[in-house]
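Report on the following structure.
The values are calculated or read from the model by the stated rules, or taken from the named source; none is laboratory data. Small disclaimer: the values here were computed from a predicted structure and weren't measured. No Cβ is skipped: glycine too gets one built from the backbone with ideal geometry, and neighbour counts run over all protein chains shown. When the accessible area is computed, the model is the full protein with side chains, heavy atoms only, and any ligands, DNA or RNA have been set aside. Shrake-Rupley method; radii C 1.70, N 1.55, O 1.52, S 1.80 Å.
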Amino acid sequence: MEFRYLPMTEEDKQAMLASIGVKDSEELFSDIPSNVRLNRPMDLKKPANEVDLKKELAQLANKNANLKQYTSFLGAGVYDHFIPSVVDHVISRSEFYTAYTPYQPEISQGELQAIFEFQTMICELTGMDVANSSMYDGGTALAEAVNLSAAQTKRKKILVSTAVHPQYRMVIETYAKGPNLEIVYIDTKEGKTDVEQLKTALDEETASVVIQYPNFLGQLEPMEEVQQLLENQKKTMLITSSNPLALGYLTPPAAFGADIVVGDTQVFGIPAQFGGPHCGYFATTKKLMRKVPGRLVGQTTDEDGVRGFVLTLQAREQHIRRDKATSNICSNQALNALASAVAMSSIGKHGLKKMAALNMKKARYAMKKLEESGLSTVHNGAFFNEFIIQLDKPVAEINEQLLKKGIIGGYDLAKDYPDMNGHMLIAVTENRSMKEINQFVKELRDIHG
Amino acid sequence: MANRDFPLIFERSKTGRTGYSLPELDVPDIDLEAELPKSYIRTESPDLPEISELDLMRHYTALSNRNYGVDSGFYPLGSCTMKYNPKINEDVARMDGFSHIHPNQPESSVQGAMEMMYDLQTALSEITGMDEVSLQSAAGAQGEWTALMMIRAFHEANGDFHRTKVIVPDSAHGTNPASATVAGFESVTVKSNDKGLVDLEDLKRVVGSDTAALMLTNPNTLGLFETEIEAMAQIVHEAGGKLYYDGANLNAIMGYARPGDMGFDAVHLNLHKTFTGPHGGGGPGSGPVGVTEELKPFLPKPILEKRGAAYRFNHDLPQSIGRVKPYYGNFGIYLRAYTYIRTMGAEGLKKASEYAVINANYLMRQLQEEYDLPFDQHCKHEFVLSGRRQKRLGVRTLDIAKRLLDYGYHPPTIYFPLNVEEALMMEPTETEAKETLDGFIEAMKQIATEARDEPELVQEAPHETIVKRMDETTAARKPILRYEK
Ligand SMILES: Cc1ncc(COP(=O)(O)O)c(C=O)c1O
C-alpha cells in the first residue's frame, strides 16, 4: 500500500538506519517492554484511496438534513447566519491554518495582528476594556468567568439565572466542582430573571451574578435593575453571556456595569457544524486584565521601532505558572477567531447594525404571523431574534413532521424546562425570507391543527 | 502609525465603504425604536472597519504572507506534532451535510454525523486500547481536566474523599499541573532520574493514600519511553491511585503499544496533533478522552451509543461528571481525524509511527556532535538537545532559535521540558522527507559554527525576517491589547 503523506523510500530508510547505527527500525522500539507491545495489527478499516473515501464520506454527509437544503428556525445558541464568501477564502490560506500558536513573533505577525484586531472588535462590541484571543466556546468561557469571579472575590456562592443557556449551565456546574463552588439558581418570571428572587439571594457571600443577555428564552433581561441591585453589593461581580450579533444593536453589557462579558462568536462567519468548533470570547475590565484566562496578544515594537505584536502577560498561563495558572487552557480557537474577525470586517460598522436589525424585524414579522394564524406566543417583553410559542403537542413530534416538509423547527424547551411542555423556541435570522417564514407558519398551523 | 508599520484593518477603514451583501428586508418594515425600551438601544455603533471586499482580501492575504505554517516549511516544534495537514480532510469538513448541521436537530436527521462520530470513537478505542471513548473535550488541556474530574468522581463514589493529590513528573507539560488545579487537586512533582525517566524511588516516596492519580506521557516529553511503566502502574494502583495518560505523544507508538495495555486508566488524545487536525494558529483542537470499564460511568454526558442500526445520545447517566462542553465537542476536527484514520488504516498509522521515530533518531544522531544530548539513547518521535555548550560561548538557545528563522525554518520548542538546561525540543514527524531533514541539519551545524566564530551573528538574529526581535518586556509592562484611534 502506498501512503501519500509518507515520503520515506526504502533507500532513505536504509541510509537513515545505517546512520543511526541500527539494523532495523525494530531496534528503535526495543525499549518498549514486550509485555506492553501490541502483537497484532490494530483492528481498523482498511486504508481508503482519496476517490473512494470522498465518495463514501459524501454519502454519509448526505444522510444529514443540512441547513442549506432545509429551512431552519432553530437557534438556541447556534444560528444560521450569512457567512460572507471571503471568510472561507481567508481561513483556507494554509499560512494561517497550518501554523501553530504564534510563539515566534518574527514569523507570526500575520496571526498575531489578526488576533489583536479580533480582540479590538470584541472590545468594541461588548464595551469592555480587554478581550482575550478566544476560548473554546461560549459555555466554557462562561464557566471560566465564574471560576475567576470566585478566585477574585474569594467567595463561593454564584447566582445563576435559569434563563442562561441550559448546556452552559451544565458546563458551569462541572467546572464549579473543582473549586467547590455553590451554584444557586434564580428562576424566571415572564421569561426574565426574577429580580425579586435575585435580590433575596444576593448577599455578602455572593461572588457573582450570571445573566444571559439576550437570554436563552429570547428575552432582554432587566439589566438596569440588576445593575442597581449590584450597587449594594459592590464586590459581587456581574457576568453576562451575550450573543455578540445582538450587541450590534443593543446597549453593550459594559454600560450595565458588567465585570466580565463572554459569549460565542459563531454568529460571525462560523458554520453550525453540529455544535463545534465555534469560538468563545472573553472580555473584561482593565482591573482584571492580569487574571484573564488564555492567550492575549499585545502591541509592541521591534528593535528598529517597527510596530509588531506578541503573545503577552504570559505569566498568567499554564506553561509559566503551571499549577498556579489562572486557567489550564492552552490551545484555543484561533482559526475561528480569525473567521469571526474576517466576518466582522466584512459586515463592518454599518452592516452590523443592519444585520442585527434584519434579525429583529424578521423575527417580529414571524411572531405576528404566527399569532395571526391562531398560535399563541408566550412572552411579551422586548426580545432580539428569538421567541417562544406554545403548542398543544410535543415539540419533538411536530419537528419530525416539519422535517418532512423541509423545515427544521424550533428548539424543544421541554428538554430543559419541565414546565415548558409544548414550548418551542423559534429563531429567525436575516437568512430567512418572507416566503420561508410564511411557509413555516402555514406548515406549523397545518400540523398543529 | 510609523512609516514602516504594517497597517491594521482599522487604519484601512474609511467611512462609507462597504464589504457586505446582506439579504433584503422583504418583510414589512417596522420602527425598532418603538419596539424596544430606550435603555436597550445602543447609542454608539461598535467601531468595526469599513472596507471594500478587495481591500479586505488584500489585508488578510498580506497578513497570511506574514505568517508561517507547515505548508510554508519545516516545523520541528517538539510536543506539537506539526505533521502535514491533508487537504482531503479540509474538503470533507466543508461538505454541507457536515458543516451546516445544527446540534439540536432531531437525531433522526443527523444519523450520518453520528455514525462518523461513533466510528471514530471505536477507532480511537482500538488505537489506545481503552474500553470507551468520549469525544467531547475541546483540546488536550480540557481532556486532561475531564479525565481528572472522572478520576475524582470515581474516588468519591467509593467514599474516598481524601485523595487530594495528583502526581506529575518534573518534565510534564504545564497543562498537567494546571488541569490538576482546575479539577481541585494539589499537584506533587515526581523527579526524573539521570536517564530522563521517572525516578521510581521518588515515585514511591510521593505516592500514598492521598494520591488520586499519576499523570504521565509515554514516551515522555524528552521523547523517551518510560520502560518501567508496568512497575509504575503497579506502585500507583497499589496505593489506590489511577494512571492518566497525556496522549500528546501518541505519534510515537501507534500500532506498537497502547496506553490501555500499559495499565493506564484514562487517556486524552490530541486530534490536532497525531491525527492531523490543523493547528489553526493556536486552535481549534480536539481532546477525546478514553477510559477503562471502571471509569465509564463517569464519562461526560451525553455519550454516543448504537442501538440496532440507529445512533443516539444517551443523557441518562447518573454518575456522569456532567457536561464539559456545550453540544458534542469540536465535530469539525473529528471529521479531519476520521478522514486521516480512514486514509491510513492500521498499516499506515503504524508506518507513520515507525517513520516518525526513524526521522527523530536520524536528526538526533546527526546533531549530537554539535549540540549536547543530555540523554544519549534511542528516542521515540522527538528528542531534546541542550544548548549549554553554546551558552558557554554566550549564545543562548533563544538566539539559536531566532537564527533558524533566517535559514527559513520554524524553530524547535525551546526551554521545555524544564528539566533540561537551555532545552531544544525537536519533533520532525513522519511527513518530512530526508532531504528536508538534511537541509535542517546543515543549518543547525552552520549555526553551531557561527556560535563559535561569529557569535554576534546568532545573538542578533533574526536578520532576514520582516520584523526584528520584539520588545516583550514593554509589551507586558505597559500592555496595549487593543487598537485605539
Ligand atoms: C505534552 C502535552 N500535553 C498537553 C498539551 C495541551 O494540549 P492543548 O494545547 O490541546 O490543550 C500539549 C500541547 O501543547 C502537550 O504538548
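Comparing Cα centroids, the range B:392-420 and the range A:265-280 end up 37 angstrom apart. Residues in the range B:250-327 average 24 Å² of solvent-accessible surface per residue, probe 1.4 Å, ligands and nucleic acids excluded. Highest mean first, the peptides A:336-345, B:395-404 sorted by other C-beta atoms within 10 Å per residue fall in the order A:336-345, B:395-404. Inter-chain Cβ neighbour count for B:51-59, averaged per residue, equals 3 (cutoff 10 Å, partner chain atoms only).
Please figure out what share of the DSSP beta bridges in chain B is antiparallel and state it in percent, rounded to the nearest 5. About 55 percent, rounded to the nearest 5. The residues of the range A:168-217 occluded by other protein chains by 30 Å² or more of accessible area, set against the chain on its own, are A:M170, A:V171, A:T174, A:Y175, A:K177, A:G178; surface from heavy atoms, 1.4 Å probe.
Computed with a 1.4 Å probe over protein heavy atoms only, the accessible surface of the range B:9-65 comes to 56 Å² per residue. At the listed q of 0.23, 0.25, 0.31 Å⁻¹, the Debye profile of the range B:222-274, built from one uniform point per Cα, gives log10 I(q)/I(0) equal to -0.93, -1.06, -1.36. For the range B:351-459, list log₁₀ I(q)/I(0) at each q in 0.13, 0.18, 0.24 Å⁻¹, using the Debye formula over Cα point scatterers of equal strength and ignoring solvent, two decimals each. Taken in order of the listed q values, log10 I(q)/I(0) reads -0.43, -0.83, -1.44. Among A:V262, A:V378, A:V297, the residue with the largest mean-square fluctuation in a Gaussian network model of chain A, with springs joining Cα atoms closer than 10 Å, is A:V378.
Shape of the protein assembly as shown from its Cα gyration tensor (a ≥ b ≥ c, root eigenvalues): rounded if a/c is under 1.5, otherwise prolate when a/b > b/c, or oblate? Taking the square roots of the gyration eigenvalues as a ≥ b ≥ c, the protein assembly as shown is prolate. Grab the beta carbon distance between B:R477 and B:S39, set R0 = 41 Å, and tell me the FRET efficiency rounded to 0.05. So, using R0 = 41 Å, E works out to roughly 0.55. Taken over the range B:88-343, the percentage of Cα pairs per 5 Å bin, counting from 0 up to the bin with the maximum distance, is 1, 6, 14, 19, 19, 16, 11, 7, 4, 2, 1, 0. Peptides A:286-296, A:307-317, A:269-279 ordered by packing proxy, namely the average of other Cβ atoms within 10 Å per residue, highest first: A:269-279, A:307-317, A:286-296.
Rolling a 1.4 Å probe over the protein heavy atoms of the range B:289-427, with every protein chain left in place, gives an accessible area that is 46 percent carbon and sulfur. For the range A:198-226 and the range B:250-289, what is the separation of their C-alpha centers, rounded to whole Å? Centre-to-centre distance over Cα atoms comes out at 40 Å. When both bridge partners sit in chain A, DSSP labels roughly 60% of those beta bridges antiparallel. When both the range A:3-56 and the range A:289-352 are represented by their alpha-carbon centers, they are found 38 Å apart. Helix A:10-20 and the longest principal axis of the Cα set of chain A meet at an angle near 80°.
If you look at the Cα atoms of the range B:408-465, you get an Rg and a Dmax of 13.0, 34 Å.
Averaging the sequence gap over all C-alpha pairs within less than 8 Å and six or more residues apart, then dividing by the number of residues, gives the range A:118-239 a relative contact order of 26 percent. Rolling a 1.4 Å probe over the heavy atoms of the protein chains gives the range B:351-459 an accessible area of 32 Å² per residue. Here the range B:9-65 has an Rg and Dmax of 16.2, 48 Å, counting Cα atoms alone. Estimated from helical segments only, the mean residue ellipticity of chain A at 222 nm is -11500 deg cm²/dmol, where each DSSP H run of four or more residues counts as -39500 (n - 2.57). Axis angle, to the nearest 10 degrees, between helix A:395-404 and the longest C-alpha principal axis of chain A: 70 degrees. Shielding value for B:218-228 is 2, the average number of Cβ atoms from other chains within 10 Å of each residue's Cβ.
Note on the range B:88-343: lysine pairs with Cα distance below 30 Å, sequence gap of 8 or more or different chains, count 29. Once B binds A, the 1.4 Å probe can no longer reach about 17900 Å² of accessible area, counting both sides.
May I ask you to derive the relative contact order of the range A:85-343, considering only C-alpha pairs under 8 Å and at least 6 residues apart, and to give it as an integer percent?
28 percent
Taking packing as the residue-averaged number of other Cβ atoms within 10 angstrom, the listed peptides B:78-90, B:172-184, B:462-474, A:321-333 run from highest to lowest as B:172-184, A:321-333, B:78-90, B:462-474. Which of the three applies to the range A:3-153, rounded, prolate or oblate, going by the alpha-carbon gyration tensor with a ≥ b ≥ c and a/c under 1.5 meaning rounded? Note, shape of the range A:3-153 comes out prolate.
Need one number: convex hull volume per residue for chain A, Cα atoms only, in Å³.
Dividing the Cα hull volume of chain A by its residues yields 209 Å³.
Each principal axis of the Cα cloud of the range A:85-343 was evaluated for its coordinate range; sorted largest first, these ranges are 57, 40, 30 Å.
Note on the range B:1-72: with neighbouring protein chains present and a 1.4 Å probe, carbon and sulfur make up 43 percent of its accessible heavy-atom surface. Label sites at A:K287 and B:H162, each approximated as a point 7 angstrom past Cα along Cα to Cβ, lie 4.2 nm apart.
Heavy atoms only, probe 1.4 Å: what % of the accessible area of chain A goes to carbon and sulfur, would you let me know?
47 percent
Put simply, the C-alpha atoms of the range B:80-186 give a gyration tensor, and the ellipsoid matching it has half-axes of 33, 20, 13 Å, longest first. Sorted from longest to shortest, the spans of the Cα atoms of the range B:247-345 along the three principal axes equal 36, 31, 30 Å. Here is how the number arises for chain B: DSSP H runs of 4 or more residues each give -39500 (n - 2.57), the sum is divided by the residue count, and the result at 222 nm is -11000 deg cm²/dmol.
Spin-label model, B:S52/A:K154: points 7 Å from Cα along the beta carbon direction are separated by 6.0 nm. Per-residue shielding of A:305-316, expressed as the average number of other chain Cβ atoms within 10 Å of the residue Cβ, stands at 6. Taking the C-alpha atoms only, the angle from helix A:434-448 to the longest principal axis of chain A is near 70 degrees. Determine the shape class of chain B: with a ≥ b ≥ c the square roots of the Cα gyration tensor eigenvalues, call it rounded for a/c under 1.5, and otherwise prolate if a/b is greater than b/c, oblate otherwise. It is oblate, given that a/c is not under 1.5 and a/b is not larger than b/c.
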